[in-house]
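What follows is a short report on a single structure.
Just so you know, all these numbers are worked out from the coordinates, no wet-lab data involved. Just so we're clear, the structure is a prediction, and the values are computed from it rather than from any experiment. As a convention, Cβ positions derive from the backbone with ideal geometry for all residues, glycine included, and neighbour counts pool all protein chains shown.
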Amino acid sequence: MERFNALVIYEKDDGTFERKIEERQISDLPDNDVLIRVYYSSLNYKDALSATGNKGVTRNYPHTPGIDAAGVVVKSKTNDFKEGDEVIVIGYDLGMNTPGGFGEYISVPANWVVKKPESLTLKQAMIYGTAGFTAAMSVDKLQKFGLKDGGKVLVTGATGGVGSIAIAILAKEGYQVIAATGKIDQTEFLKSLGASEIVNRNDIIDEKKALLRETWDGVVDTVGGSILASAIKALKYGCSATTCGLAQSPKLDITVFPFILRGVNLLGIDSVECDIEFKKYIWNKIANDWNIDFHDDFYEEVSLEQLNEKIDLILQGKIKGRVVLKHS
Ligand code: NDP
């Protein structure tokens, strides 16, 4: 148990970054409350940024990414957890500047850890991971802001991790889901998740008009930029859009008109720093009401060795669904 495998990112003298699978020691990890043997992790966009030297995500290298981890407690300094507990850790500093789930062990503060709900397996928890958690948070917030039963909801970045799980949860809740994608060839995949209509993401963009025809009862946006701006301009009176990501752009070029003439809301989603009690609440929703029996083609299970190419693909927007890392 003293030695384990991890993906380690090195910063080279020439400023480029290199990925290696290496043996690490438990003593290389920070001395935190809970030591966890990680059985599953998953790949998120942010992990790819950390793995390619994005200093906004990870300041210091060598570093092991992995913002998600599901595993079993090996040692605990607090009474909240005991050896053998099955747990989930997502967000906070995991995988950013704290060694993350792309290693077989992590050591984290107790207040980052959620006991795994009974009705989820460790692997299912990581099929959701941060992406699924963010999708669930987005739907939860839209509902708290009055999303109309059976309403028409636009999901952008539809084939991505957050978008695809948002489609599945919204469909399960009985909404009419319109999926906006750059991958029209994935229409069958999106329909199998529960989308009732698929649109080309370029077809919903209108950068000129301040307001568009009232179309959406809600929007789950994962891409930002002109797609989010156009979606807000097409919200129906009093309705809301959530924003969690920037796959297209971090910029939002919009006037105040949708807000002051239609009373629409733009709702921020942060899965990273939200309170641990809120994380428990969302994980319980995922484990119960929003527990989805995903088809096998929704996710790809990979080893540490196979993760390398997936990191490059997610940066190119070429991943469909989720990539789950299984440690040996
Ligand atoms: P993925 O890479 O899995 O999916 C992003 C999707 O966005 C792609 O599959 C693609 O979908 C679409 N996309 C990619 N590039 C572009 C582009 N240039 N223009 C328009 N659309 C594009 O990422 P995730 O779903 O995991 O995350 C989505 C975003 O949310 C990321 O920016 C991520 O950092 C952020 N995020 C934020 C969180 C938070 O707490 N706020 C938590 C988790 C993620 P398609 O081809 O179907 O259009």
Listed with the fewest Cβ neighbours within 10 Å leading, Ile227, Ile269, Ile26 appear as Ile26, Ile269, Ile227
Per the helix-only calculation at 222 nm, which mean residue ellipticity applies to the chain, given -39500 (n - 2.57) for every DSSP H run of n ≥ 4 and division by its residues, nearest 500 deg cm²/dmol? -8000 deg cm²/dmol
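Among 235-245, 87-97, 14-24, how do they line up from the highest to the lowest mean number of other beta-carbon atoms within 10 Å? Could the numbers behind the result be given before it?
Details: 235-245: 21.4, 87-97: 22.9, 14-24: 12.6.
Descending mean neighbour count gives 87-97, 235-245, 14-24.
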Taking a cut-off of 16 Å between Cα atoms, list the aspartates and glutamates near Lys55, but don't count ones fewer than 8 places away on the same chain. Glu11, Asp13, Asp14, Glu18, Asp47, Asp93
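Which value results when the Cα radius of gyration for the chain is divided by 2.2 N^0.38 Å? Can you show the working numbers first?
Values: Rg = 19.8 Å, N = 328, 2.2 N^0.38 = 19.9 Å.
Its radius of gyration relative to the 2.2 N^0.38 Å reference: 1.00.
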In order over the range 111-118: 3J(HN,Hα) from phi, Karplus 6.51/-1.76/1.60, θ = phi - 60°, whole Hz, x for each Gly or Pro, gives 7, 9, 9, 10, 5, 5, x, 3
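Taking neighbour counts of Cβ atoms within 10 Å as a proxy for exposure, in what order, fewest first, do Leu142, Leu7 appear?
Details: Leu142 28, Leu7 25.
Lowest to highest Cβ neighbour count: Leu7, Leu142.
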Straight distance only, please: which lysines reach the Cα of Lys82 with their own Cα at less than 22 Å, same-chain residues fewer than 8 apart left out? Lys115, Lys116, Lys123, Lys279, Lys280
For the range 157-218, take the convex hull of the Cα atoms, compute a quarter of its surface area, and give me that in nm², please. 4.4 nm²
Please list log₁₀ I(q)/I(0) at q = 0.16, 0.19 Å⁻¹ for the range 269-328, using the Debye equation with identical point scatterers on the alpha-carbon positions. -0.77, -0.95
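Sorted by average packing, counted as other Cβ atoms within 10 angstrom per residue and highest first, what order do 289-297, 173-181, 320-328 take? Present the calculation step by step, with values, prior to reporting the outcome.
Numbers: 289-297: 13.3, 173-181: 22.2, 320-328: 20.4.
Packing proxy ranking, top to bottom: 173-181, 320-328, 289-297.
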Could you work out the pair-distance distribution P(r) of the range 79-160 from its alpha-carbon pairs, with 5 angstrom bin width and percents rounded to whole numbers? 3, 11, 19, 20, 17, 13, 9, 5, 3, 0
Lys pairs, the range 130-268 - Cα-Cα below 14 angstrom, 8 or more residues apart or on other chains: 7
What is the helix-to-structure angle for 276-287, meaning the angle in degrees between its Cα long axis and the longest Cα principal axis of the chain, kept from 0 to 90 and rounded to the nearest 10? 70 degrees
Working from Cα positions, state the angle (0 to 90°, nearest 10) between the long axis of helix 122-144 and the longest principal axis of the chain. 30 degrees
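Could you please rank Lys82, Lys115, Lys152, placing first whichever residue has the fewest other Cβ atoms within 10 Å of its Cβ?
Working: Lys82 10, Lys115 14, Lys152 18.
Neighbour counts put them in this order, fewest first: Lys82, Lys115, Lys152.
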When averaged across all projection directions, what area in nm² does the alpha-carbon convex hull of the range 112-243 cover? 8.7 nm²
Using modelled amide H (1.01 Å from N, peptide plane; none on Pro or chain starts), what sits under 5 Å from the amide H of Leu235, excluding residues fewer than 5 places away? Thr215, Trp216
